[in-house]
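Input: a single structure, listed below in structure tokens.
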Amino acid sequence: MFGDDAKRLITRSLVEAPASALALVVIAGLPVLVATWALMSPAHILSTAMTWDFLFNLSGAWHLYSGQTAHIDFHEPVGQLNFILTAIGFHLLGLSPFAFLVNVAIVVSFLFAVSILASWRRLPLLPAAIFVIFVCLLALVPVNVGDKQFEYTFAMSYNRYCWSAFSILALILFVPPQRRSGDWVDMVLAALLLVAMFYLKITYFAAGLATVAFAILIQPRIRRQWLGWSCVGIFVVAIALAPFNHPYLVDILDAAKDGAVRSYLSMHLRYFAAASGEYVPYIACVVAAFVMWWTGQAPFGFPLSLAFLFGMALVLLSQNSQTAGLPSTIVIVLALYDFFRTRFASLRHGSLVVLLSTLLVFPAFSIATSVVTLGGYFAAANNPRGLYVVDRTNLRGLAVPAGERGAFAPNLIEHPRQVHVGPLRYNYSQYGYVALLLEAADLFGSNRAGEQRSPGRIALLETINPLPFMLGLPPARGANLWSEWTAPLRPPAEYLSDVDYVLIPRIPTNIDWTMALVRYYRSHLTHHFHSVATTPSWILLGRSQPGKTQPADLSLVLDSIVPLLNERASTSKSLERPS
């Protein structure tokens, strides 16, 4: 008796749509709450990879918290929404890395609400719950899409957020609702998702806008409502092109001109081939859809839509640092699921349940992987053994794997036959990087004579400058938040005019870039700054005061840096081509 009731309940949750909104909130909400607790309850915030990119977010939020305006007072082609959310965390929790968790909580709350509204009108209870949990865990898990599950990092969180937002938008456009009413809700949700993606990362906004246009042309339901959906597109484009967004668009165009667009087709083809096994299930779904069209069981727009979703996911991946992972392909599975559920409703429930359950294995397995990752993070962040926990500056509470100081090339260790092209990006252990920053922060404590250096704005000739946030000092204006080859060099009058100190690393994360900065600003530095302190890792320059006798000629100090960096660059390049 009980077994029969359970079978009927499972069958209804797989086949009958739409789902109960309240049941969906409860069934999906409980796992999301537990996952949120696992991320936010540890005493430390753990970063085992790309810590510099996590500090990039904290630094951007600090600029906003200090009263600066994104894309005017500092420059960055990534949208400011991610920084705004962390700045809210500063207001709520104070200046610490934990403020980023407020960012995550706000985003997950938004994604949960929007995914509930999008899925409950379209899918039965079980697939709807799987979709909601999937998109929320995607934003929660501190691992980048396509990276190893033990590489805990909060870097590039905007990519995970946007993958979730794009997946919800695709579900709205390509899986028809079972209820006629509420189409205006879909349009409002789509507009919110598009605006959010615009202020997170322009790539996803462009992909989302193209997806709406494609759906208007191909999807009969969307085409019947073409006027409303066209208004959605016009509305978000008007926001994107509004005068208050012009500085943001200028930063995007500057980055594109300097090579931020990844356009190397051969490289993308190699990455696709290397991860092809991961994509086989979704390619199989597209092939199945084309076969159904070929046999007259589906309109041509159905396989075309699935192929478009797969291709758009590849386009998005091509503009990310990661080389694998297509989270939005969950919509391909769910679109096929919905088609089978409605097309073959006359089948015996047992046969249909087997077919539908098989399709849900793919997203369910991804959820299981996310759960394991969050469990591993919870255990690692709560176990101080093997961790170095920062105990001073505004980085207090940040934990990284303990280890020795020094530069290394992890890609060469993991892939010894790989030939690296261009400057190495991950030259440091996480501990080594944090230790260097703390050493730099200590330069602004008492000097050898016991005198406290006066606080002031700091410029750092490096990729990231987290020191103003770490020390609670006002950030310099005119800087590139992420300073590398894809960012235009800012004129000295724009970047260094209100700077009191300039720090030059002797062991930079990107040697070639630091050398370029030293050469570019050399003339300005020699005329306006003098050497204040030198350590094995840093050279600290202070602004010269007119009429005061200054120490030895700064040009001698700067001339000594370039040969040192050249030597270290040649050492790094010798590591790039192992025998």
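The values are calculated or read from the model by the stated rules, or taken from the named source; none is laboratory data. In this text, all values refer to a predicted model and were calculated from it rather than measured experimentally. Here the Cβ positions follow ideal geometry from the backbone for every residue, glycine too, while neighbour counts run over all protein chains shown.
From LEU525, LEU489, LEU503, which residue is more than 23 Å from the chain's Cα centre (by Cα) and part of a helix (DSSP H, G or I)?
Criteria check complete, one pass: LEU525.
Yes/no matrix, rows are residues, columns are (1) in the same structural domain as VAL361 (by TED's automatic domain parsing); (2) modelled with pLDDT of 85 or more; (3) assigned to a helix (DSSP H, G or I):
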residue: LEU217; (1), (2), (3): yes, yes, yes
residue: GLY228; (1), (2), (3): yes, yes, yes
residue: PHE235; (1), (2), (3): yes, yes, yes
residue: ALA240; (1), (2), (3): yes, yes, yes
residue: ALA256; (1), (2), (3): yes, no, yes
residue: VAL261; (1), (2), (3): yes, no, no
residue: ARG270; (1), (2), (3): yes, no, yes
residue: TYR279; (1), (2), (3): yes, no, yes
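Contact map, the range 84-113: residues that are farther than 21 Å from ALA129 by Cβ and assigned to a helix (DSSP H, G or I) paired with residues that are modelled with pLDDT of 95 or more and aromatic (Phe, Trp, Tyr), Cβ distance under 6 Å, separation 6+ or inter-chain. Pairs shown: THR86/PHE100; ALA87/TYR65; PHE90/TYR65; ALA99/PHE90.
Taken together, VAL114, VAL135, VAL108 contain a single residue that is touching a Cys at 6+ places or on another chain (Cβ under 7 Å), among the hydrophobic types (A, V, I, L, M, F, W, C) and under 27 Å from ALA170 (Cβ atoms), which is VAL108.
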